[in-house]
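Below is one structure, written out as structure tokens, with a few remarks after it.
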Amino acid sequence: MESLSHIFVPLSLVATAVMAASAAIQARRFSLDLFGATVLGIVTAVGGGTLRDLLLGLTPVFWITDLRFLLVAVPSAMLSFYIAARMPTGNGRRLALLMYLDAIGLALFTLTGVQVALGAGVSPVLAIVIGCVTGTAGGMIRDLLCNITPSVLREDLYATISLAGGAAYLGFRQILGEPTATLAAFLLILLVRVVLLWRNPPRPDDAV
């Protein structure tokens, strides 16, 4: 894990900010207050990584030993809550922004999950699965707490994109080296997810 630290930490912090922001937007869509949005942002931002660490036996979990993640999650959630409050309602723009942020978070957390799993010494196949769990769990927690069906249960390709992206990262790493492989896999996951969102935009009845 030492060799990955210069890549892993920035990726994780950006992923934390993105997922906290997506949760705050969701909170605003469902009329939660600022405190509720902040709590939702925190649990969404650290949920996937927490489950990852528990599955790998890495305790205390990452945000207990490194407060930077909470220091990023809280202001990200609060700022996004106020931005969402100023966005017009009824046209699906907040939902669209949420979904694009979620796509970034899916890509980033998938890759960090794979990296942590490899650092913990698990097999490549299990590392891909752990990457998928890390990438999808935060969004699942966010949606369940808002009493809606998570994307991973509604969209067949959501988890598949994460699994394929994790596998692609391992393949790229053998050819391109660590930094380039991470960037290439991130762009691949993000591109596929965004293309699917373009082809299937939020429905009018989802435009809260």
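Sorted by packing (mean other beta-carbon atoms within 10 Å per residue), highest first, where do 179-186, 147-154, 71-78, 160-167 land?
Most protected by this proxy first, the peptides run 160-167, 71-78, 179-186, 147-154.
Compute the signed sum of charges (Lys and Arg +1, Asp and Glu -1) over the other residues within less than 11 Å, Cβ to Cβ, of Ile25.
So the environment of Ile25 carries a net charge of +4.
Of the options Ser123, Ala181, Leu56, report the single residue whose Cα projects farthest towards the positive end of the charge dipole of the chain (beta-carbon charges: Lys, Arg +1; Asp, Glu -1).
Ala181
With the full set of protein chains in place, find how many percent of the accessible area of the chain is carbon and sulfur; take the probe as 1.4 Å.
Carbon and sulfur atoms account for 69 percent of the accessible area of the chain.
What spacing in nm lies between the two simple spin-label points modelled at Val39 and Thr149, each 7 Å away from Cα in the Cβ direction?
2.7 nm
Kindly report the accessible area of the range 86-193 per residue (heavy atoms of protein chains, probe 1.4 Å, no ligands, DNA or RNA), in Å².
43 Å²
Give me the distance in nm between label points sitting 7 Å out from Cα along the Cα-to-Cβ direction at Thr180 and Leu67, one decimal.
Going by the 7 Å Cα→Cβ label model, 4.1 nm.
Where the centre of each part is set by its Cα atoms, how far does the range 143-205 sit from the range 54-92, in angstrom?
19 Å
Sorted by average packing, counted as other Cβ atoms within 10 angstrom per residue and highest first, what order do 39-50, 95-106 take?
By packing density, highest mean first, the sequence is 39-50, 95-106.
Go ahead and estimate [θ] at 222 nm for the chain from helices alone: -39,500 (n - 2.57) per DSSP H run with n ≥ 4, summed, over the residue count, rounded to 500.
Mean residue ellipticity, 222 nm, calculated: -27000 deg cm²/dmol.
Take the alpha carbon gyration tensor of the range 19-166, find the square roots of its eigenvalues, order them as a ≥ b ≥ c, and report rounded if a/c is under 1.5; if not, report prolate when a/b exceeds b/c, else oblate.
oblate
The values are calculated or read from the model by the stated rules, or taken from the named source; none is laboratory data. In this text, all values refer to a predicted model and were calculated from it rather than measured experimentally. Here the Cβ is made from the backbone with ideal geometry for all residues, glycine too, and neighbour counts use every protein chain on show. Quick note on the areas: whole protein, heavy atoms, side chains included, nothing else; ligands and nucleic acids left out. Shrake-Rupley method; radii C 1.70, N 1.55, O 1.52, S 1.80 Å.
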